[in-house]
Structures are given as C-alpha cells and as structure tokens.
Amino acid sequence: MVARVAPEQLAAERERLTALAGKPLPTRLWGYLGMSGPGFLQGALTLGGGSAGSSLFAGALLGYQLLWVQPLAMLCGVLMLQALAHQTLSTGMRPFEAVRRFVHPTMAWAWALASMVASLIWCLPQYSLATSVVADVGEQIGTPIPPMASAVAILVLTTAITWSYNRGGRALRAFERLLKVLVAAIILAFGAVVWKTGVRWDELRHGLFGFELPRSADGIAVMISAFATAVGINMTFLFPYTLLARGWGREHRGLARFDLTLGLMLPYVLATSLVIIATANVIHPHYDPVAGGRPSALDMARALEPLGGVAGRIVFDLGILGMTLSTIPLLMLVCGFIAVELFGVSPSGWGYRLATLIPAPGVLGPLVWKDWGFWLVTPTSVLCGLMLPIAYISFFVLQNRRGYLGADMPSGWKRVVWNVLLGAVVLVVSCGCALEVWSRLAK
C-alpha cells in the first residue's frame, strides 16, 4: 500500500489507455487484459475460508437450492465497487475522507470501525477452519496435532507475512504463489468432481433462477453467510486504496470496470458454483441434518471422495489451509490500514504493526468455540453481513454528491440507471439483514 509506482511506467500506461479509448470494444478489452490488477487481487482474496465454507454448507444442506445467492451477491458487490472506483478515480480523494466530508463523520467512522470489527470477527472461522484441517492431516499421518499448537503457529506465520508486505522479497512472493497453487488445486478438484458426478440440469436451472428461500434458521444463516462473504465490508474499505496505490486515475475508470468483472466476479461465481454442485452431488443426497447435525470438516472432505479417499482429503485439507493462510494476513492488513486512517499512525512504524494484531484474538477460536468447529464460518459471516449496509448506503449517497464528484457526477439517464441499480443493491442487502434478524427472533 505504500509502494510508489514508477512515474514513467504510469505515464506509459495512461498513454496506452488514451489510445485504447477510441478503439472498438473487443480491442479495448484485449488491451485492458494486460493492465489488470486490483480486481484480480480482490478475487484472489475474496475466495477464502469464508466463501469456501459457505459454499460447502450450501451444497451439503440444501443441494442446488442456493446457487443463485453468490452470483447475485457478487453482482451487487461489483456494482457498488464500480461506483466506488468511479468516485475514487474521478476525484483522487481517499474514500474515508470522502465519506467523512460528504456523507457524515459518523458514517465514516462507522464504516471504518465496522470494517475493523468484521476483520476481527472473520478471523475466528479462519483459525477454526485451519486447525480443523491440520488436525485431519494429523489423523491421516497418525500424529495428533493439538488445535492450539497449530493455531499459535499460524498466528506467528501470518504475523511475519503481514509485517513483510512493506518489504516484499522473493520468499514472500514464493509463499504467495504457493498459496495460490493450493487454492487453485482445490477449485480444480471440485471441478473434477462435478465432471465425474455430472450435473442435474433441471435442478441447476431451478437453483440459479428459482430464487427459492430456505425455510430453516440454519438454511437462512447459510444464505446470509454466502451473501456476506462475496464482498465483505472490510473489502470495500481496502479496494479503493489499492487503486490509489497503483497510481490509477481518471483514465483508468474503464479498466477498473473490466478488472472487477473479469478478475473478481467471473472467477468467484465459477469457483463457488463448482463447490456447491460438487457438495450437492456427493454429500446432500445422503445427509440427514437431524441425525447428523451440522457438517464437520471431515464431512466436507467427503465431497472429494470421487477423486480417491486419501487423495481427496489431502487436496481438501491443503486447499482450505491455503485459503485461510491467504485470508488472515489480509484481515490483519485491513486493520493496520484502518489505524493509519483513523489515528494517523505511520504505515511503517510500530503503531501500524501493533494495529495489524487487532484480529489476533481469533487464535482463541479453536479453544473458545471448539464445539462450533467448521460451522463457525456461518454465524461470523452473518454478523459481518449485518454491517454491510453502512458501506453501501455511504457509496450510494456519494454517487449523488455534486460537491464531491463535480462534473463527474452521472447526469440524465445515466444518473437514473445508477440510482436504480445502487438503490436495488441497498434494498437487497437490507432485506437480507432483516430476514436474518426475523428468523432469529422467530426461532
């Protein structure tokens, strides 16, 4: 976040974008492909333990029924992020300052603090997921691994990674590539399961376009969890700063829209859909939620049994571990950067480093919430999802502030379209939160 882009590189990029502006759409899209970045980063970070857990539970408990949730959630998130990108790239103003000045200081602080709290809460299931799969690896090799021992080791490792981001280095880049390989391996494995077990096309169509709501409290919780993990409130805080850190400006607005669609939306929808279909094919037909309770990590690993029992479990364990090890440093970075904005600490000093440890209490998740196990991803994601309207309402208001956007504020039919789309997103997210609250009160 504090790295400087070479001026000559940025100037060349702007010239190329200016030249592409008058080209036909296919030529522009092909040209954008080589300059993409922040959207792909968000895509890699979004597909973490929360998204994987929500997709696994959706398929195991409800089959194909919730296939519509994550595409809709990601569409809502991408629309809001595109509005945020337009605002940030048009003005060059840091979003926290924009919300503080042009919406309300209370909303700015609520957005930042909610993002920090969400990062802390989301760390709980990451450690729970990680220790669950590490314990499963221990069982396979005949060496029991205490949950707290693995949790502390993960905390030490992720802290070292987080504090190394300002320095970079070959070791850090090699570690990140390894994590991406592990995540890609589990996605490809679920794709292979779908290929081997087939697709029930009638159920697929109904799951994508039936918009059927679950009837049980657990089913509603899984639905809200899946919605909340698509684009979390802490991601809305981090994303615009990645644009500014790259030196992007007004010329990059078209590139940002392309980047979000290709780098974030399409990979996320494909990956989560594959996980749901594979789990629905293998686990759902034999799963009894009354007799079996809530699925565990071992139950989830059974989704890869068509690839071979031991091989499937190893791929599952390492893939989930890779997701958590890539997500925890992100959550720590978000907290550190929020501290930079709220309290003015230096991003290279000890105040920043200590702020990145705000999510560290998540290491106690395997001990304090050991009975929840793998399921912990659901209630924590629901809690974070309840905070999302704070960010979305702020972005909606900013899109209509001429004092902020000036001549870049949409006008005429474009303003009508933007307001209809963003208003619908706010309504959908708010209704989801209300449904979750109602389901808990009525339980």
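Just a few scattered comments:
- Using the Karplus relation 6.51 cos²θ - 1.76 cosθ + 1.60 with θ = phi - 60°, the per-residue 3J(HN,Hα) values for segment 351-366 come to x, 5, 4, 5, 5, 5, 8, 4, x, 4, x, x, 4, 7, x, x Hz, with x marking Gly and Pro.
- Total charge dipole magnitude, the chain, about the Cα centre, Cβ charges on Lys, Arg, Asp, Glu only, Debye to nearest 20: 1200 debye
- Protection proxy ranking, highest mean first, for peptides 142-148, 220-226, 122-128: 122-128, 220-226, 142-148, where packing is the per-residue count of other beta-carbon atoms within 10 Å, averaged.
- A cut-off under 14 angstrom between Cβ atoms defines the neighbours of Glu97, and their net charge, with Lys, Arg +1 and Asp, Glu -1, is +3.
- Per residue, the average separation of C-alpha pairs within less than 8 Å and at least 6 apart gives the chain a relative contact order of 36 percent.
- Karplus-based coupling profile of segment 57-64, in residue order and whole Hz: 5, 4, x, 5, 8, 10, x, 7, with θ = phi - 60° in 6.51 cos²θ - 1.76 cosθ + 1.60 and x standing for Gly or Pro.
- Long-range tail of P(r) for the chain (Cα pairs > 38 Å, %): 21 percent
- C-alpha long axis of helix 147-164 to longest principal axis of the chain, angle in °: 20 degrees
- Backbone geometry of segment 256-265 corresponds, through the Karplus equation with coefficients 6.51, -1.76 and 1.60 at θ = phi - 60°, to 3J(HN,Hα) couplings of 5, 5, 4, 4, 5, 6, 7, x, 10, 5 Hz, x marking Gly and Pro.
- Backbone N atoms of segment 101-130 closer than 19 Å to the 7 Å Cα→Cβ label point of Leu367 belong to residues 120-130.
- Helix 69-91 axis, angle to the chain major axis (alpha carbon atoms, nearest 10°): 20 degrees
- Rounded tilt (10° steps) of 105-141 against the dominant C-alpha axis of the chain: 30 degrees
Readers should treat all values here as calculations from the given coordinates under stated rules, not as data from a laboratory. What you see is a predicted model, and the numbers here were worked out from it, not measured in a lab. Because the Cβ atoms are built from the backbone with ideal geometry, glycine has one as well, and the counts that use them run over all protein chains shown.
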